[in-house]
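Worksheet: one structure, shown below.
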Amino acid sequence: MKLFTVGPVEMYPETLQTASQQLPYFRTPEFSKIMYENKKMFQESIHAVKDSETIFLTASGTGAMEAGLINCFTAGDRLLVINGGSFGNRFAQICAVHHIPYEEVSLARGEVLTAEKLEKFDGTKYTGLLVNLHETSTGQLYDIKMLAEYCKKNHLYFVVDAISAYGADELDFDKYGIDVLIVSSQKALALSPGISMVEISKRIYEERVIGIQPETLYFDFKAYISDMERGQTPFTPAVGTILELHQRLEQIQEEGMEKIRENVRDMAKRFRRELVNRGFRIPIYTLSNALTPVILEPYAKNMYERLKQEYGLVVTPNGGDLADVLIRVGHLGNVSWEDYEELICSMEQIKVTL
Ligand SMILES: *Cc1c(COP(=O)(O)O)cnc(C)c1O
């Protein structure tokens, strides 16, 4: 089996080696040191150098999205949610569950998010904007510069779910004035699921987090921030994933985040060029480097099944409306150009029989 998914993805040998070890006990100075280093290396990787805080949550990405919202917003807020697919919809669902007022900027299938589209929401009645920088269900990458400027102009807190953009697309916490940034272990980091990082700005920490008492024990950020002062978490973290993270962040530091992103981008570009040359169709909106959606209407589901069963190649299927429309081919983790050549050949062989 070879994974061309977005998470979990093909893991690196060093990660697998780390994952095979006996876990240590974690209430120790040695483990605290790992946590401090993780914080420092993670912040460097997103370019957060101005007094922001990192929260290491033992939760999948959705847990971190939910925790981020309930620690920063209340029923007194009014949020704008960019909804261009299932992850945008998830932000809206979280707001609804927690009675945080919100309005959706809904995109039709294939529609691009433009500054004009946001214009009609201009004004002062909103307090924050929520976006999945890369809407993983469609592959669309939103324009972070445009969104950052919009937030600045309208005095909105800027909440960025970068779970599938981290490690693939440009991301800069300080430069874009991000207030809440969410990353998860199983995507570009290519680790086991279980750990999500939430980076919060000094501004939102002081203006919001300190004063809000969310109705949750496990997800209360104040406890995470005070425990992190001694390199600890309030509850048992996914110790193994924390150790994998440490190993991977060291590797990222060595190689350079910029270089890693370039490699992902080059692989995505080359794959897309080859696909188009061989008569496959891809969407025309701006794509994240993390994955390539291939339009195979109405055979997408069939293609996914046959690639898996006949060739042992696992691409990412779509759910809901897009199930028969798109397959998504991931460019994250330990995959090589030879793997993509094999995938394209297999897709061609199946295509002629459809
Ligand atoms: C994968 C992903 C998530 C997290 O999903 P979980 O299944 O909860 O880990 C959230 N947002 C985006 C954009 C994603 O790609």
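Rounded if a/c is under 1.5, else prolate if a/b beats b/c, else oblate: with a ≥ b ≥ c from the C-alpha gyration tensor eigenvalues square-rooted, which is region 13-111?
It comes out prolate by the Cα gyration axes.
What list of ³J(HN,Hα) values in whole Hz, one per residue of region 75-91 in order, does the Karplus curve 6.51 cos²θ - 1.76 cosθ + 1.60 (θ = phi - 60°) give from phi, with Gly and Pro shown as x?
4, x, 8, 8, 10, 9, 10, 6, 10, x, x, 5, 7, x, 4, 5, 4
For V325, V294, which order do you get if you count the other beta carbons within 10 Å of each Cβ and list the fewest first?
With the sparsest Cβ surroundings first, the list reads V325, V294.
What number, rounded to the nearest 500 deg cm²/dmol, is the helix-based mean residue ellipticity at 222 nm of the chain, given -39500 (n - 2.57) per DSSP H run of at least four residues and division by all its residues?
-12500 deg cm²/dmol
Give me the dipole magnitude in Debye, nearest 20, for region 109-181 about the Cα centre, with unit charges on the beta carbon: positive for Lys and Arg, negative for Asp and Glu.
260
With unit charges on the beta carbon (Lys/Arg positive, Asp/Glu negative), name the residue among L296, G279, Y311 whose Cα is farthest towards the positive pole of the charge dipole of region 268-317.
G279
Largest first, please: the extent of the C-alpha atoms of region 96-148 along each principal axis, to the nearest Å.
Computed over the Cα atoms, the extents are 29, 26, 19 Å.
Rounding to the nearest 20 debye, state how big the charge dipole of region 201-348 is about its Cα centre with +1 on each Lys and Arg Cβ and -1 on each Asp and Glu Cβ.
400
Sorted by mean Cβ packing within 10 Å, highest first, what order do the peptides 213-219, 181-187, 247-253 take?
181-187, 247-253, 213-219
Rounded, prolate or oblate: which fits region 184-304, taking a ≥ b ≥ c as square roots of the Cα gyration tensor eigenvalues, rounded meaning a/c under 1.5, else prolate when a/b beats b/c?
prolate
Take the Cα atoms of the chain, build their convex hull, and give its volume per residue in Å³.
Cα-based convex hull of the chain, divided per residue, equals 128 Å³.
What residues of region 1-43 lie in the reach of a label at E274, counting those whose backbone N is under 19 Å from a point 7 Å from the Cα along Cα→Cβ?
1-6, 10-11
Can you work out the Karplus-derived ³J(HN,Hα) for every residue in region 332-339? Use 6.51 cos²θ - 1.76 cosθ + 1.60 with θ = phi - 60°, whole Hz, and x for glycine or proline.
3J(HN,Hα) across region 332-339, in whole Hz: 9, x, 8, 10, 10, 4, 4, 4.
As a footprinting exposure proxy, order H134, H98, H331 by other Cβ within 10 Å, with the fewest listed first.
Result, fewest neighbours first: H98, H331, H134.
Could you list, in their original order, any pairs among K145/K269; K259/K308; K117/K153; K40/K269 whose Cα atoms are separated by more than 25 Å?
Exceeds cut-off: K259/K308; K40/K269.
In what sequence do R328, R278 fall when counting other Cβ within 10 Å, fewest first?
R278, R328
Residue-wise, which Karplus ³J(HN,Hα) couplings in Hz belong to region 290-295, taking 6.51 cos²θ - 1.76 cosθ + 1.60, θ = phi - 60°, and x for glycine or proline?
Once θ is set to phi - 60°, the couplings for region 290-295 become 5, 7, 10, x, 10, 7 Hz.
Bin width 10 Å, alpha-carbon pairs only: give the P(r) of region 191-258 as whole percents, running from 0 to the bin holding the largest distance.
Reading the bins upward from 0: 17, 41, 31, 11, 0.
Quick note: the coordinates plus some simple rules give every number you see, no bench work behind them. Computed from a predicted structure; not experimentally measured. So basically every Cβ, Gly included, is an ideal-geometry build from the backbone, and we count neighbours across all protein chains shown.
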